[in-house]
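Novice: Below is one structure. I have some questions about it.
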Amino acid sequence: MKNYTLTVEEGRTRLDRFLGEALREQDVSREKIKRAIRDGGCLVDGSTCTDVSAKVGSGQRVELRMEAEPTSVQPEEGDLEILYQDEWIAVLNKPAGMTVHPAPSCPEGTLVHRLVARFPSLRAQEGFRPGIVHRLDKDTSGLICVALTEEARLRLSEAFAEREVRKEYLALVQGVPAPTGEVDAPLGRHPTVKVKVAVVKNGREARSAWRVLRKGRGYALLGVRIFTGRTHQIRVHMAHVGHPLWGDRLYGRGGQTLSPPVPGVLLKHDPAPRQMLHAWHLSFVHPFTGEPMAFTCPPPEDFVRTALTLERHMRRVVVTGVAGSGKSLFMRLLAERGVPVWSADAAVIRLYEPGQEAWLALRQRYGDRFVPDDRSPVDRKALAAALLPSAESGVDVRELENLLHPLVLDDLERFWSGQEEAGRGYAVAEVPLWFESGWSRKLCGEGKPYVVGVACEQGERCRRLLDVRGWSDAFMARMDGLQWTQERKMAGCDLVIPNSGTEAELRDKAAAFVREMDNWESESRSAFLTEWASLVNEPCPGVDESSEPFRRPCF
């Protein structure tokens, strides 16, 4: 015999409809309820009621007694990761991709089918959900508690109903929310999409709270505690506050592209194979022994891989220096070793070709001053002369720079974004006027590049400029006057590579630099995994580990 005692919370509705909705989670069909009412198994405020269409209203007490029928679920062999069991309960780690109990859309291959095979006593329980006192979505992994006897099921169900069970989940969400927060928003069926749940005005009470465990670049790892157990609760609540779960195709933001974009993070495709939600902590009082039970279960490998993908960002490297320092040779040596490289000078030449952005901008603003005709590229000599400090130029140098520099910077951003999308660990750009252009100030946030300076002793530098470029001392002094001194440039760099020796020596330094960049990527991954392990193995909160008895599996 199964007994249910319920209280009507608000409104007036048919008796069978009220009981059907209230017992939906218990796998009790409307037809069974109607049959029990007609057979005299229903009391309303202590009086027998056999009318299934009778109206019940706020505050009325409804009792329903039904004969229990053995489950018809057939046992299926399969793996179960059991973390704890005794004669009354078992705690398992459910894998992602497994449905908890049978349904019309999934009649076989569920967790319940395997449970019945592992624990034959469950077949004495009624319905298609024997032993199930709470559920996880198919694609949510983690801790789930199972009642092995009918009495244990009733007691645990009551504990869940009275909110005496503490549940906390790990969630990877888009963006970074406040360090802590709470969502108190009622949930109900989506008004137009049958398979979705939504925040609705007259929905059932639903409350969730989060804490940020780790802030990433465009994502966050949260611990989310739920105080109610509504369908899709965390997924809907986090989407409601603007931070949907990565991998959530139902409640996510479509292509999952970060908005606004974060420098160093470019994800055109969702890296998550499922919604990134894992039942992490579970604690409750044992229904028979009264012992405090607490369990912690780190997330599976796909969760970690997704976090690594989100965390991984390409290192943007800038190489700078004065003329004759050897920075262009250093870039060529990096390119020979397979490093993706970009040159501001080469970009300028490309942008000055007919029909390109800079060509069009100069043609529109200055007519044929720098663009002789529709078929010719920009006259670089005329443009260089105009950019020199000269009262006779007749051109506002600042205006000209403000016209051209953003176009070159956009080209650089496209280069870095393309390399990031291709999965590169780092990419190097040669920008001779990195500091003078003001780009170092514009890109000074999380996406700040790693700046490498190539330096050369003054005497050797002058010799190179004379032998290679034919620069006179006067012309050299004139060009040096257009940019920062070498000493000032190098003071602003993260790394300085001396280059007053031979090409072979610089080749060795380029090889050492490549090794340093490769090691940086490997060390960043190791540091992340170490920090990650310390976070996800955190003991179940709110439980005194020194108390006895205490249950928590070790991993």
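The values are calculated or read from the model by the stated rules, or taken from the named source; none is laboratory data. None of the values given here were measured: they were computed from a predicted structure. Neighbour counts run over all protein chains shown; Cβ positions are idealised from the backbone, glycine included.
Novice: Under 6 Å between Cβ atoms, which residue pairs at least 6 apart in sequence (or on different chains) link something in the stretch 298-324 that is on the phi < 0 side of the Ramachandran plot with a partner that is surrounded by 24 or more Cβ atoms within 10 Å (Cβ to Cβ) and hydroxyl-bearing (Ser, Thr, Tyr)?
Specialist: Listed by first residue and then by second, the contacts come to Pro300/Ser141; Leu310/Tyr219.
Novice: Select from the stretch 174-195 the residues that are closer than 23 Å to Thr99 by Cα, touching a residue at least 24 places away in the same chain (Cβ under 8 Å) and surrounded by 13 or more Cβ atoms within 10 Å (Cβ to Cβ) and list them in ascending order.
Specialist: Selection gives Leu187 alone.
Novice: Taking the conditions exactly as written (outside the structural domain of Pro292 (by TED's automatic domain parsing) and surrounded by 13 or more Cβ atoms within 10 Å (Cβ to Cβ)), does Val52 satisfy them or not?
Specialist: So Val52 passes the test.
Novice: While we're here: Residues Gly367, Gly338: which one is without any contact (Cβ under 8 Å) to a residue 24 or more places away in the chain, within 37 Å of the chain's Cα centre (by Cα) and not assigned by TED's automatic domain parsing to the domain that holds Arg153?
Specialist: Selected residue: Gly338, the only one of Gly367, Gly338 that is without any contact (Cβ under 8 Å) to a residue 24 or more places away in the chain, within 37 Å of the chain's Cα centre (by Cα) and not assigned by TED's automatic domain parsing to the domain that holds Arg153.
Novice: Turning to a different aspect of this structure: Would you confirm whether any residue within the stretch 263-274 is modelled with pLDDT under 90, touching an Asp or Glu at 6+ places or on another chain (Cβ under 9 Å) and not in a loop (DSSP other than H, G, I, E, B)?
Specialist: Within the stretch 263-274, one or more residues are modelled with pLDDT under 90, touching an Asp or Glu at 6+ places or on another chain (Cβ under 9 Å) and not in a loop (DSSP other than H, G, I, E, B).
Novice: Only one residue in Asp508, Asp494 is in contact (Cβ under 8 Å) with a residue 24 or more places away in the chain and charged (D, E, K, R), so which one is that?
Specialist: Asp494
This table checks each residue for (1) more than 25 Å from the chain's Cα centre (by Cα); (2) surrounded by fewer than 12 Cβ atoms within 10 Å (Cβ to Cβ); (3) at pLDDT 85 or above; (4) among the polar types (S, T, N, Q).
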| position | (1), (2), (3), (4) |
| --- | --- |
| Ser440 | yes, no, no, yes |
| Cys444 | no, yes, no, no |
| Cys456 | yes, no, yes, no |
| Gln483 | yes, no, yes, yes |
| Leu495 | yes, no, yes, no |
| Thr530 | no, yes, yes, yes |
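Novice: Taking the stretch 51-100 as the search range and keeping residues that are among the small types (Gly, Ala, Ser) and out of contact with any Leu (no Cβ under 8 Å at 6 or more places or on another chain), which one is farthest from Leu15 (Cα to Cα)?
Specialist: Taking the candidates together, the pick is Gly78.
Novice: Tally the residues that are surrounded by 10 or more Cβ atoms within 10 Å (Cβ to Cβ), outside any helix (DSSP H, G or I) and small (Gly, Ala, Ser), restricting the search to the stretch 459-478.
Specialist: So the answer is 1.
Novice: When Glu31 is evaluated against the numbered criteria (1) in a loop (DSSP other than H, G, I, E, B); (2) modelled with pLDDT under 90, which criterion, by number, is the only one it fails?
Specialist: (1)
Novice: Another question about this same structure. With the requirement that a residue be surrounded by 17 or more Cβ atoms within 10 Å (Cβ to Cβ), touching a Phe, Trp or Tyr at 6+ places or on another chain (Cβ under 7 Å) and over 24 Å from Ser417 (Cα atoms), what does the stretch 329-381 give you?
Specialist: Leu362, Val371, Pro377, Val378, Asp379
Novice: Looking at the stretch 516-537, I want the residues that are touching a residue at least 24 places away in the same chain (Cβ under 8 Å) and have a partner that is surrounded by fewer than 12 Cβ atoms within 10 Å (Cβ to Cβ) with Cβ atoms under 7 Å, at least 6 apart or on another chain. Which pairs are those?
Specialist: Close Cβ pairs satisfying both conditions: Asn537/Phe555.
Novice: Here are some conditions: (1) of a type outside the set (A, V, I, L, M, F, W, C); (2) part of a strand (DSSP E or B); (3) out of contact with any Gly (no Cβ under 9 Å at 6 or more places or on another chain). Gly188 meets all but one. Which one does it not meet?
Specialist: (3)
Novice: Here is a list: Phe295, Phe303, Phe288, Phe284. Which entry is at pLDDT 85 or above, more than 30 Å from Gly492 (Cα to Cα) and surrounded by fewer than 16 Cβ atoms within 10 Å (Cβ to Cβ)?
Specialist: Criteria check complete, one pass: Phe288.
Novice: Which of the residues spanning the stretch 411-435 are of a type in the set (D, E, K, R) and modelled with pLDDT under 90? Walk me through it before giving the result.
Specialist: As a first pass, look at the stretch 411-435 and keep what is of a type in the set (D, E, K, R): 411, 413-414, 420-421, 424, 430.
Passing the criteria: Glu420, Glu421, Arg424.
Novice: Are there strands (runs of 3 or more DSSP E) fully within the stretch 61-168 with at least 2 residues that are surrounded by fewer than 19 Cβ atoms within 10 Å (Cβ to Cβ)? List them.
Specialist: Counting at least 2 such residues, we get 61-66, 82-85.
Novice: Okay, moving on. Any idea which residue in the stretch 398-426 is surrounded by the fewest Cβ atoms within 10 Å (Cβ to Cβ), counting only those that are in contact with a helix residue (DSSP H, G or I) (Cβ under 6 Å, 6 or more places away or on another chain) and farther than 14 Å from Ala344 by Cβ?
Specialist: Among residues in the stretch 398-426 that are in contact with a helix residue (DSSP H, G or I) (Cβ under 6 Å, 6 or more places away or on another chain) and farther than 14 Å from Ala344 by Cβ, the one surrounded by the fewest Cβ atoms within 10 Å (Cβ to Cβ) is Leu403.
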